[in-house]
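Every read-out reported here was derived from the displayed coordinates using simple, explicitly stated rules and does not represent laboratory data. None of the values given here were measured: they were computed from a predicted structure. For neighbour counting, all protein chains shown are included, and Cβ atoms are generated from backbone atoms with ideal geometry for every residue, glycine included.
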2 protein chains.
Amino acid sequence: MGKVFEGLKVVDLTTALNGPFCTMFLGDYGADVIKIEPVGGEQSRSWGPIDEKSGESGFYGFVNRNKKGCTLNLKSEKGLEMFYELVKDADVLVENYRGGVTERLKIDYDTIKKINPNIIYASGSGFGQYGPITHRPCYDIVAQAMGGMLNLTGFKENDPVKVGPSVADHVAGIYLMVGVGMALYHREKTGEGQHIDVSMFDVIFSLLENAIVNYTMGGFIPERNGNVDPSIAPFDVYACKDGFVALGVGNDKLFNKFANIIGHQELLEDERYKDNVSRCDNYIPDLQNLIREWCADYTKSEIEDIMDEAGIPCGPVLNVKEAIEHPHIQARDMMVHCEHPTVGDMYFQGCVIKLSETPGEVETAPPLVGQHNREVFGLSEEEEKALIEEGVL
Amino acid sequence: MGKVFEGLKVVDLTTALNGPFCTMFLGDYGADVIKIEPVGGEQSRSWGPIDEKSGESGFYGFVNRNKKGCTLNLKSEKGLEMFYELVKDADVLVENYRGGVTERLKIDYDTIKKINPNIIYASGSGFGQYGPITHRPCYDIVAQAMGGMLNLTGFKENDPVKVGPSVADHVAGIYLMVGVGMALYHREKTGEGQHIDVSMFDVIFSLLENAIVNYTMGGFIPERNGNVDPSIAPFDVYACKDGFVALGVGNDKLFNKFANIIGHQELLEDERYKDNVSRCDNYIPDLQNLIREWCADYTKSEIEDIMDEAGIPCGPVLNVKEAIEHPHIQARDMMVHCEHPTVGDMYFQGCVIKLSETPGEVETAPPLVGQHNREVFGLSEEEEKALIEEGVL
């Protein structure tokens, strides 16, 4: 089976996370992704974990597989000239500089469009390409804070807390890929390229779900509520013998089963729990405590099996090791091996989107710094050496 | 300007959140999305907020704008026949039933492919279309728990806590849209359709970032760490006079500025804070406390302005109302108005992906139950009435 993006040339100027996560999809699904890093390599090459033997970064590794690696000093005249030559026949360019930086570097959309009129130019950034604070630097935590996510995450009685992994960066990268897919489809039909602009602040805001209409239609400002759902009960995370389980009992039929399973048939006669609305109103403290007591006597695996048999949505809170080793994650190839020239075996996340005819795949290892300079720029060994000495590569 | 998906016919069998979030993109960017709901309407029509006057749901509303609404009893012979007729010339079908359900309803990919060989068939579900636990019911919290997100979110000393909004559902919908875009591009080039399979469990797992390689390369199992980043310091959320701010000081140059701003030049002479690695090792408790003390004397807006001027990434923790009203969110049309026939003005989230040539737009209100039955199925008033009486619509 072929890959959907085979034959596409992508020039990848991205660093760190949101941009590289977007070009990872292009590479996984067959595009020729040429990653251009600053001389010496981009910042995430120093981010942990670092392989002791080779000095290579696992962070850089998982997100830059299936890409070719080049270096280029865009601030040098020669470097900029080589870059313009490279983008002449590119299909897609992806960058994630802070708003305003591409103009200063003379590689903004308007400039590149003059060289390659039908290019698809994708920009991922903290605050996007326009708007009053477009110029600001942004970390994932800043987008999570301003976008409203932090305030909605955590327990009522504690401070707001960020989503552990960098959700703003990741989801911005996925959104940017949606934009690239739309633009490729449009270009295939019309020949026309365009500029795509995705902002991490917008991205987080777009995930706030009904919290937004709760304010604009309902007039109240939702606040964080731990693991309890305001509209379904019981729906919570419970401590058990060896960890925690998440459990949701969505309707009366399931609650009937659930009451029997936990040996509390008397709940079904209790006016306080007669329907989902009543259960939501009266969940805390009695019903919650009673379920907590029951869970404390079982392991998470025992509870999972019991609820699976009853058809009640339930799952253990898994740590990273447990999730990696889960038979379902394994069966769906969500972990893949990749042979790296200096690290040896790398073992990291696979492809989420399962396509029946044009599946994604991890084929090549993340590149060493400048590994593909000669191939991509068509240089002899001597020419490469000279450009390195000039500070261009 | 036209829209990228103009002319595409999408049959939308989705309910609740992950599927509808995918078809929302198709509708926002111009496709003719025909949403098929069970007789009486789908479950999220009863999810809050509910407009008192009209009884319409704001939850259903924001995610189903730009779609046509039909009802159909797929368990009736006539209903199934009408459905097969409808998909004959569809470009895309999107569904988010639990694994195994489409087979029972006789609307699985293999069946539909016989009727429409080149259709793109997109499936979003909790556990995907294959793997040992594909049959299980799943809520967002279950995917967050099993995918490893819960265990990495929250403060060390507290229980694991879920991401407030339904991140598994939302991100699964965005990933599914990436798949639809890839499949449309492939079909445009080859004429061939395919099946897309996205699982919420995989989706959450794919967001764990370097936590995965920290285990497979570094051998340690990361645990939740509140708002502190293990590789940058200072990087945290601080209480101030009127709320909280998120603040990250990524390198020595910024730390130099920062120490001067907070009036603690002595930090720059302190061996414990001489570089980022040292600051990470020695951030807690002294440096953290000192910054906490400084922040307590300012409002979040004051801190934001000070850090903006210094170029230090910083943002206030905004609640939903504050985020909605933020000038940047407003300037980027991330909130849009929509006139609904019975609710009146609806005001909800706009389009994240800014496309220069084929932008998205909210044009039509979410449909009333069965609003487009006659138009879509080509029925007279009498025919519609008869089918309602038969229990087909």
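Could you line up B:Arg104, B:Arg65 from fewest to most neighbouring Cβ atoms inside 10 Å? Please report the intermediate quantities before stating the final value.
Numbers: B:Arg104 10, B:Arg65 25.
Ranking B:Arg104, B:Arg65 by Cβ neighbours within 10 Å, fewest first, gives B:Arg104, B:Arg65.
Among A:Gly58, A:Cys70, A:Gly30, pick out the residue whose Cα is farthest towards the positive end of the charge dipole of region A:29-73, where Lys and Arg carry +1 and Asp and Glu carry -1 on C-beta, about the Cα centre.
Highest projection toward the positive end goes to A:Gly30.
In region A:105-184, which trypsin sites (Lys or Arg not before Pro) fall in coil by DSSP and have 14 or fewer other Cβ atoms within 10 Å?
Here the trypsin sites (Lys or Arg not before Pro) that fit, given the DSSP loop and packing criteria, are A:Lys106, A:Lys156.
Just how large is the dipole of the protein assembly as shown about the Cα centre, in debye to the nearest 20, putting +1 at every Lys and Arg Cβ and -1 at every Asp and Glu Cβ? Working shown, then result.
Values: 70 positive and 122 negative charges, 133 e Å.
My answer is approximately 640 debye.
Please list, in chain and number order, the residues 5+ apart from B:Asn225 or on another chain whose amide H is under 5 Å from its amide H, with Hs placed from the backbone.
B:Gly154
Provide a whole-number value for the mean count of partner chain Cβ atoms within 10 Å of the Cβ atoms in peptide B:217-226.
Across the residues of B:217-226, the mean count of other-chain Cβ atoms within 10 Å is 5.
Could you rank the peptides B:142-148, B:40-46 by their average count of other C-beta atoms within 10 Å per residue, with the highest value first?
B:142-148, B:40-46
Please list, in order along region B:134-145, the HN-Hα scalar couplings obtained from phi with the Karplus expression 6.51 cos²θ - 1.76 cosθ + 1.60 (θ = phi - 60°), rounded to whole Hz, x for Gly and Pro.
Result, rounded to whole Hz: 4, 6, 6, x, 9, 9, 3, 5, 5, 5, 4, 5.
Once amide H atoms are placed 1.01 Å from N in the peptide plane, what residues at a sequence separation of 5 or more from B:Cys240, or on another chain, have their amide H within under 5 Å of its amide H?
Excluding prolines and chain starts, which carry no amide H, the hits are B:Val245.
Inter-copy label distances at B:Leu368, 7 Å along the Cα→beta-carbon direction, one decimal in nm, shortest first?
Ordered by increasing distance: 6.9 nm.
Taking each residue of A:344-351 in turn, how many C-beta atoms of other protein chains fall within 10 Å of its C-beta, and what is the average?
Average per residue, whole number: 4.
Around B:Ser206, which amide H atoms from residues at least 5 apart in sequence, or from another chain, sit under 5 Å from its own amide H, with H modelled in the peptide plane?
none
So what are the ³J(HN,Hα) numbers for region B:219-233, from phi and the Karplus equation (6.51, -1.76, 1.60; θ = phi - 60°), rounded to whole Hz, Gly and Pro as x?
The phi angles translate into x, 10, 9, x, 10, 4, 9, x, 9, 8, 8, x, 10, 9, 8 Hz.
Tell me whether chain B comes out rounded, prolate or oblate; compute the Cα gyration tensor, take square roots of the eigenvalues as a ≥ b ≥ c, and use a/c under 1.5 as the rounded threshold.
Cα axes put chain B in the prolate bin.
Which value in deg cm²/dmol, rounded to the nearest 500, describes the helix-derived mean residue ellipticity at 222 nm for chain A, given -39,500 (n - 2.57) per DSSP H run of n ≥ 4 and division by the residue count?
-10000 deg cm²/dmol
Going highest first, how would you order B:318-328, A:370-380 by mean Cβ packing within 10 Å? Display every interim value, and only then the final one.
Numbers: B:318-328: 19.6, A:370-380: 15.9.
Going by the mean number of other Cβ atoms within 10 Å, highest first, we get B:318-328, A:370-380.
For region A:114-156 and region A:297-343, what is the separation of their C-alpha centers, rounded to whole Å?
About 32 Å separates the Cα centre of region A:114-156 from the one of region A:297-343.
Whole angstrom only: what separates the Cα centroid of region B:1-55 from the Cα centroid of region A:198-242?
21 Å
Rounded, prolate or oblate: which fits the protein assembly as shown when a ≥ b ≥ c are the square roots of the eigenvalues of the alpha-carbon gyration tensor, with rounded for a/c under 1.5 and prolate only if a/b beats b/c?
Verdict is oblate for the protein assembly as shown.
I need to check one value: relative contact order of chain A, counting alpha carbon pairs closer than 8 Å and at least 6 residues apart, in percent.
Taking the mean separation of contacting Cα pairs over the length of chain A, I get 20 percent.
Once the label point is set 7 Å along the Cα-to-beta-carbon vector, what list of distances in nm do you get between A:Glu223 and its counterparts in the other copies?
Inter-copy label distances (nm, one decimal, shortest first): 2.9.
May I ask you to order B:52-64, B:356-368 by the average number of other C-beta atoms within 10 Å around their residues, highest value first?
Working: B:52-64: 21.2, B:356-368: 19.0.
Packing proxy ranking, top to bottom: B:52-64, B:356-368.
Return the sequence-ordered ³J(HN,Hα) values of region B:60-66 in whole Hz as given by the Karplus equation 6.51 cos²θ - 1.76 cosθ + 1.60 applied to θ = phi - 60°, using x for Gly and Pro.
Each residue of region B:60-66 in turn: 4, x, 5, 8, 10, 4, 6 Hz.
Measure nothing fancy, just the Cα-based angle from helix B:77-87's long axis to the longest principal axis of chain B, in degrees from 0 to 90, nearest 10.
Helix B:77-87 sits roughly 60 degrees off the main axis of chain B.
Which of B:Glu384, B:Glu269 comes first, and how do the rest follow, when ranked by fewest Cβ neighbours within 10 Å?
B:Glu269, B:Glu384
Using a label position 7 Å from Cα in the Cα→Cβ direction, what is the ascending list of nm distances from A:Glu271 to the same site in the other copies?
Relative to the other copies, A:Glu271 has label-point distances of 7.2 nm.
What is the order of A:Val392, A:Val101, fewest Cβ neighbours within 10 Å to most?
Sorted ascending by nearby Cβ count, the order is A:Val101, A:Val392.
Determine the shielding of peptide B:238-249 by partner chains: average, over its residues, the number of Cβ atoms on other chains within 10 angstrom of each Cβ.
Numbers: counts 1, 2, 0, 0, 0, 3, 5, 3, 11, 4, 6, 1.
The mean count of partner-chain Cβ atoms within 10 Å per residue comes to 3.
Looking at A:Thr358, A:Cys280, A:His135, which one has the Cα that reaches farthest to the positive end of the dipole of chain A (charges on Cβ: Lys, Arg +1; Asp, Glu -1)?
A:His135
In debye to the nearest 20, how big a dipole does region A:235-318 give about its Cα centre with +1 on each Lys and Arg Cβ and -1 on each Asp and Glu Cβ?
Charge dipole, region A:235-318, about its Cα centre: 160 debye, nearest 20.
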